[in-house]
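Each remark here refers to the structure printed beneath this line.
The values are calculated or read from the model by the stated rules, or taken from the named source; none is laboratory data. All values derive from a computational prediction rather than experimental measurement. All Cβ positions, even for glycine, are placed from backbone atoms using ideal geometry, and neighbour counts span all protein chains on display.
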Amino acid sequence: MHREYLEEVRKLLKGKDYQIVGKNIRRVDALEKVTGKAKYTADYLMSNTLVVRPVRSPYPHALIKDIDKEAALQVSGVECVITAEDVPGENQCGYYIDDQPLIASSKVRYVGEIVALVVAQDEQAAWAGADAVKVEYEELPAVFDPKEALQGEFEIHDKKSPGEVNIEKGDVERAFKECDVIVENTYNAGSQDHAYLEPEAAIALPEERGGMTVISTNQGPFRTRTTVARILGLRESEVRIITPYVGGGFGGKDTYGPVISSLAALAAYITGRPCRIVYTRYESFAFRFKRTPFEIKYKTGATKDGKLKAIEVEYICDCGGYASQVFGLMKRAAYHATGVYEVPNCKILGRAIYTNNLPVAAFNGFGNPQMLFATETQMDLLAEKLEMDPVKFRVLNALVPGSKTGTGQLLDHSVGIKDLIIKVAEKADWHSKKARVSKNNGSKKKRGIGVGCSWHGCGTTGFKKDWAGASLILNPDGSVIYCTGIVEIGQGTVTSHAMMVAETLGIPYEWVKVETNDTSRMPDSGETHAQRGTFIGGTAAVDAALKLRRRLGSLASELLGCDEEAVLIENGIAYEQGNPSNKISFRELAIEMYQRGINPSEYGFILARRGYPDPETGQGEPYAAYTFGCTIAEVEVDTETGEVDVIALYPGVAAGKIIQPEVVRGQVNGCGLLGYGYGLRERVICENGLMLNSSFTDYLIPTIKDKPKLSDFVAVEDEYKYSGYGAKGVGEIALIATPLAIANAVYDAIGVRFYDLPLNAEDIYFSLNNKER
Amino acid sequence: MEGEIRPLPRFEYFSARSVKEVVSLAEQYRKEARLLAGGTDLLVWMKKRVVCPRVIIDISAVPELAFIEKRGEDLHIGAGTTLNAIRKSELVNTEIPLLAEAIGYMACQQIRNKGTIGGNICSASPAADTAPPLLVLGASISLASAKGERVVPLSEFFLGPGKTLKEPDEILREIIIPIRQGRGAFLKLGRRKSFTLSIVSVAAFGTIENGRFEDLKVAAGAVAPKPLLSNKVQEDLKGISVSEETIDHAAELIKKEVDPITDIRASASYRREMSGVLTKRALRKISGMEV
């Protein structure tokens, strides 16, 4: 049932080179964006929309005793105050499990949780109204450390953990006995804010027949639709989500898009008027869900010839007040815990724990940056013990076609990691740089080089199967309207889709118009996350294009009087192979389809080729394919201040066919800087559950001045049979590898190992200078 | 909630066109009014409700406040001069390059295009990056009111975080910087390479005669309730020969003199240590040693 799209496309092109795919063609959104004309959600604001302002809990954990709306309703301009009891449908917006109300009804579980909405005619009235809502709370003991939460008498929910994940493969106990070297450490990888340019926003427009249209910034229009429908008690057909350009997502809007959209929709439903909600930057920092902190105990063993034998991993995810997306990311971290290596014996146990911290969100890497920080530090420590070069040690253990993963999944093809490590090491001149032992003598600034390897399964982490749709309408003039359920969040995926459609149909890329994302045009296509936009969404586009192309081919063969097998369509012209003068323009073909009553439109739909691991043993096939990454970092550490300067990053990906190199470069470099931030700069500092550095002044993302030399990425094109043009996803892979490479490079420079992310100048300074703080 | 950003509160707004007009409004509204120059601090404070003035006196269109002039042995800079105008000024780069250098480390282009030197001084942040260089250069400032004008040394102007000698009816009119021969250095440690508040900043200025420090001044930012001008270094190092030991001694003096706090940007002990490191680097730089 799973079609080999790569082979189908190759057959169609009859061995000819691609005209469009693989080329640096201008992004569909380039001009609009660089000229500032591209429209984002808040650009659709109309003057008559009411303003929605949340009333938030100042307490991390408290019972709601009473909400008095009276004073707020007296404020001039306030239309209404909405509380949990006003929700017409189900007051529920949990991502995987139903533990999260949209509006808190009896209890609050984190600082900033929404207890009411004030709807007013303008911003001033909305703020004044929100201030005037009187909420009576009874404070409960709050807990911010998951280990404390586990041991103490805290009842955030009726259970301490929303869930666990377990993997058992081989015999770990016996394997460790056979190991010559074992390293065991505890790691902490912290939170991170998405810090996207566009804060949360939604505009809800009540439709005449009781339906609701929402324009919002989100990464999952269909999940958003499901949530809005549930909150309002409507059918999915009655809710329409329009997603214009999104100013950055990184996973944050996967989690929060349904929430922000539901808040606007609820207000619009109750007032019967258009309503808008736009978060301030402060709200976006202080109250929007973030990367999950992990504490990881990691034990690795190898034989003296350098072969990995076993890992034992136990970790805790602090999920905050609600489970949100912790289930998925905790599982993903477990499935990838071996790193890019073949490990015959694995025992992995992950557990999520409720605390009164801000709930967690999806964030680029989805648990893997945290987990692989531990894995890759362990790899360096083992290499050192074995007196092996870290690159050589990795190459020796890397997955190859025929390897089995920690979940027992056989990787029969598209496994380019071994080649990739070798090529990135060559590009970075690893061996000669590593050998330069005299580099640090005497100087106060010490240079170091480090490597980090990553992998990331393409497709959503399994609670449901993974599908997507796409549609094409061929117009009488030969131009094409393309719709996808995948969202353009800046990553460039729709450009790749349009290129694949154009290549498959044989028309110039400019003839393909990508329509604004609208749930009423497309079957459910899942979320735009998990490196699935091009991998799954793009394959649906190829599916639709192939179907249409077959009808075009058959029509052309009739008009050209040649065998259907001999028809080639290229750059808007259909012709007979070997006889190019026997031709017809694509435009003529298009109008002929209409004239003859041949359907000129087509839907594509695909289901990813993957299963669900067994809940007891974790064995199975969680992802259809894996993208691999390898980054080498060169750093310079100022031993007098502890500052780390990243001199250069050498990234590489084995992501199958590279559809558009410039788009991939954007992803790889962007991920490099995001990973640099996670490795060295970005800290979420909280006190009693409130983030203290909720501004760009104090939440430090890298600026252009911090940008290291970014070497052009190395690509190993390990094509995947079952996707359009053999592409795999590339959105997250380079982030994961970056902080690992930086951390290993810092160790190489100064000989001091850190087990917490992000690294920090102060820690480095005090440990280098043996000083007490 | 603390630190929350809200829409600007309502206020009465005056756009002044002359210093005379500004001082008359300042006299009329006194504590009810705040002066708006670049607004890079004030507007943020208002959105955070740190301050909520009933009256805003906009001085950004007062031509008399935006100038850079050499008068005799001094350089005069109008309080309303933007940071970027100073940074790019040929006069400043020739006569007091230390100030231009320090401003180069401040914020970003957009903020420097709006922010003014007067605003940076009057906000009286312990981390204000113009303060250490101005202190070591021996700057003074003139304060104008409807009653007249007074000139005070900058070293006396700062009283504590956000607190200065300036009376509610006074405005900072200009900064007066003596043009002197000597070598200067400015060093800033932030949490990233640019666009960041100082964890510590250090400025040094002095002359070296016959291998000895003469009239050496060192000032540090973000390590005390107000920008710190070290008297101790000036006294102890006067006439002392330039050496590693002397420089180490100066760094130790600074580390004793600072009184830093722990906040979300850095710990007090790290700030103290770094004030020493930056002092060393600054003195090595003006001594022509490798930093």
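Has segment A:319-330 got any residue that is more than 28 Å from A:ASN688 (Cβ to Cβ) and surrounded by fewer than 24 Cβ atoms within 10 Å (Cβ to Cβ)? Steps first, please.
Step one: list which residues in segment A:319-330 are more than 28 Å from A:ASN688 (Cβ to Cβ), which gives A:328.
From what is left, the residues that are surrounded by fewer than 24 Cβ atoms within 10 Å (Cβ to Cβ) are A:328.
Within segment A:319-330, one or more residues are more than 28 Å from A:ASN688 (Cβ to Cβ) and surrounded by fewer than 24 Cβ atoms within 10 Å (Cβ to Cβ).
Remark: pairs (first residue in segment A:745-773, within 22 Å of A:TRP430 (Cβ to Cβ) and away from chain B (no Cβ under 12 Å); second residue of a type in the set (S, T, N, Q) and exposed (fewer than 15 other Cβ atoms within 10 Å of the Cβ); Cβ separation under 6 Å; 6+ apart in sequence or on different chains) = A:VAL752/A:SER767.
For segment A:530-549, state whether one or more residues are among the charged types (D, E, K, R) and more than 30 Å from A:GLY251 (Cα to Cα). The answer is yes; a qualifying residue exists.
Of all residues in segment A:681-703, those satisfying the criterion of being β-branched (Val, Ile, Thr) and within 8 Å of chain B (Cβ to nearest Cβ) are A:ILE685, A:THR697, A:THR703. Taking residues in segment A:230-244 that are under 22 Å from A:GLU85 (Cα atoms), and partners anywhere that are part of a strand (DSSP E or B), the pairs with Cβ atoms closer than 8 Å and at least 6 places apart or on different chains are A:LEU232/A:MET212; A:LEU232/A:VAL239; A:LEU234/A:MET212; A:VAL239/A:MET212; A:VAL239/A:THR213; A:VAL239/A:VAL214.
Give the number of residues within segment B:191-238 that are assigned to a strand (DSSP E or B) and within 14 Å of chain A (Cβ to nearest Cβ).
Of all residues in segment B:191-238, those assigned to a strand (DSSP E or B) come to B:200-209, B:212-221, B:228-230.
Now narrow it down to the ones that are within 14 Å of chain A (Cβ to nearest Cβ): B:200-202.
Counting residues in segment B:191-238 that are assigned to a strand (DSSP E or B) and within 14 Å of chain A (Cβ to nearest Cβ) gives 3.
Being within 14 Å of chain B (Cβ to nearest Cβ), buried (at least 21 other Cβ atoms within 10 Å of the Cβ) and either more than 24 Å from A:ILE103 (Cβ to Cβ) or not aromatic (Phe, Trp, Tyr) (or both) narrows it down to one of A:ALA302, A:ALA268, A:ALA286, A:ALA264, so name that one. Reasoning before the result, please.
On the way: A:ALA302 fails: within 14 Å of chain B (Cβ to nearest Cβ); A:ALA268 fails: within 14 Å of chain B (Cβ to nearest Cβ); A:ALA264 fails: within 14 Å of chain B (Cβ to nearest Cβ).
The conditions single out A:ALA286.
Scoring B:ASP248 on the criteria (1) in contact with a helix residue (DSSP H, G or I) (Cβ under 9 Å, 6 or more places away or on another chain); (2) more than 12 Å from every other protein chain (Cβ to nearest Cβ); (3) crowded, with 16+ Cβ neighbours inside 10 Å leaves a single failure, condition (3).
Can you tell me which residue within segment B:1-28, out of those that are within 14 Å of chain A (Cβ to nearest Cβ) and among the acidic types (Asp, Glu), is farthest from A:ALA125 (Cα to Cα)?
Restricting attention to segment B:1-28, the residues satisfying the condition of being within 14 Å of chain A (Cβ to nearest Cβ) are B:1-11.
Within this subset, residues satisfying the condition of being among the acidic types (Asp, Glu) are B:2, B:4.
Working: B:GLU2: 21, B:GLU4: 17 Å.
Step by step, filter segment B:1-28, then rank; the result is B:GLU2.
A:THR703 passes every criterion in (1) without any contact (Cβ under 8 Å) to a residue 40 or more places away in the chain; (2) of a type outside the set (A, V, I, L, M, F, W, C); (3) touching a strand residue (DSSP E or B) at 6+ places or on another chain (Cβ under 8 Å) apart from (3).
When B:THR82 is tested against (1) surrounded by fewer than 18 Cβ atoms within 10 Å (Cβ to Cβ); (2) within 29 Å of B:ALA222 (Cα to Cα); (3) of a type in the set (S, T, N, Q), just one condition goes unmet, and that condition is (1).
Of all residues in segment B:180-206, how many are among the hydrophobic types (A, V, I, L, M, F, W, C) and out of contact with any strand residue (DSSP E or B) (no Cβ under 6 Å at 6 or more places or on another chain)? Number satisfying all stated conditions: 2.
State whether one or more residues within segment A:666-674 are under 18 Å from A:LEU735 (Cβ atoms) and within 14 Å of chain B (Cβ to nearest Cβ). Show your work before the answer.
So the first thing to find is which residues in segment A:666-674 are under 18 Å from A:LEU735 (Cβ atoms), and the list is A:666-674.
In the following step, the residues that additionally are within 14 Å of chain B (Cβ to nearest Cβ) were identified as A:673.
Within segment A:666-674, one or more residues are under 18 Å from A:LEU735 (Cβ atoms) and within 14 Å of chain B (Cβ to nearest Cβ).
Taken over segment A:168-207, residues that are in contact with a Pro (Cβ under 8 Å, 6 or more places away or on another chain), part of a strand (DSSP E or B) and crowded, with 21+ Cβ neighbours inside 10 Å amount to 5.
The set of residues from segment A:54-71 being touching an Asp or Glu at 6+ places or on another chain (Cβ under 8 Å) and more than 14 Å from chain B (Cβ to nearest Cβ) comprises A:HIS61, A:ALA62, A:LEU63, A:ILE64, A:LYS65, A:ASP66, A:ILE67, A:ASP68. Among the residues of segment A:670-715, those that are more than 22 Å from A:ASP763 (Cα to Cα) and either within 21 Å of the chain's Cα centre (by Cα) or among the acidic types (Asp, Glu) (or both) comprise A:GLY670, A:CYS671, A:GLY672, A:ASP712, A:PHE713, A:ALA715. When segment A:41-59 is limited to residues that are surrounded by 16 or more Cβ atoms within 10 Å (Cβ to Cβ) and under 24 Å from A:CYS483 (Cβ atoms), the one that is farthest from the chain's Cα centre (by Cα) turns out to be A:TYR44.
Between B:ARG212, B:ARG272, B:ARG265, the distinction of being touching a residue at least 60 places away in the same chain (Cβ under 8 Å), surrounded by fewer than 24 Cβ atoms within 10 Å (Cβ to Cβ), of a type in the set (Lys, Arg) and out of contact with any Phe, Trp or Tyr (no Cβ under 7 Å at 6 or more places or on another chain) belongs to B:ARG265 only. Scanning segment A:108-122 for residues that are under 27 Å from A:GLY689 (Cα atoms) and not in a strand (DSSP E or B) returns A:ARG109, A:TYR110, A:VAL111, A:GLY112, A:GLU113. Here the condition is being β-branched (Val, Ile, Thr) and either in contact with a Phe, Trp or Tyr (Cβ under 6 Å, 6 or more places away or on another chain) or at pLDDT below 95 (or both); of A:ILE215, A:ILE242, it holds for A:ILE215 alone.
Can you find a residue in segment A:719-741 that is aliphatic (A, V, I, L, M) and assigned to a strand (DSSP E or B)?
Quick first cut of segment A:719-741, residues aliphatic (A, V, I, L, M) only: A:727, A:730, A:733-737, A:740-741.
Add one more test, that the residue is assigned to a strand (DSSP E or B), and what stays is A:727.
Within segment A:719-741 (the criterion being aliphatic (A, V, I, L, M) and assigned to a strand (DSSP E or B)), the answer is yes, since at least one residue qualifies.
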